[in-house]
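A short reminder: the numbers here are calculations on the coordinates, not readings from a lab. The model shown is predicted, which means the values in this text are computed figures rather than measured ones. Here the Cβ is made from the backbone with ideal geometry for all residues, glycine too, and neighbour counts use every protein chain on show.
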Amino acid sequence: QPYYHLEQQFKKRAGFDLSRSIMASATIKCTEDLQPLVNLVKDGIIDYDVGALDATGFQVLNEPGREARTRTT
């Protein structure tokens, strides 16, 4: 959600003001604090043998012992 929507929802539903600038500042601070963790995770992914996985299912057309309607996942 954009911060201006959240700002309105906090005021409407919770009855208090939480400005966009405060939310943006908190987000920036969190990203700065969490950057070392993000770097470790990124390094782990880069060093891993498999970097991506596509789990899209597809229809089997000509495979022995399977109907053409069979889908794999």
> Between [x] 102; [y] 94; [z] 177, which matches volume of the Cα convex hull per residue in Å³ calculated for the structure shown?
Replying inline: [z]
> Between Leu6, Asn62, Phe16, whose Cα lies farthest towards the positive end of the dipole of the chain when Lys and Arg beta carbons carry +1 and Asp and Glu beta carbons carry -1, centred on the Cα centre?
Replying inline: Phe16
> Where the only charges are on Cβ atoms (+1 Lys, Arg; -1 Asp, Glu), what is the dipole of the chain about its Cα centre, to the nearest 20 debye?
Replying inline: 560 debye
>> Going by average Cβ density within 10 Å per residue, which order do the peptides 29-41, 3-15 take, highest to lowest?
In response: 3-15, 29-41
> Helix 20-47: angle to the longest alpha-carbon principal axis of the chain, degrees 0 to 90, nearest 10?
Replying inline: 30 degrees
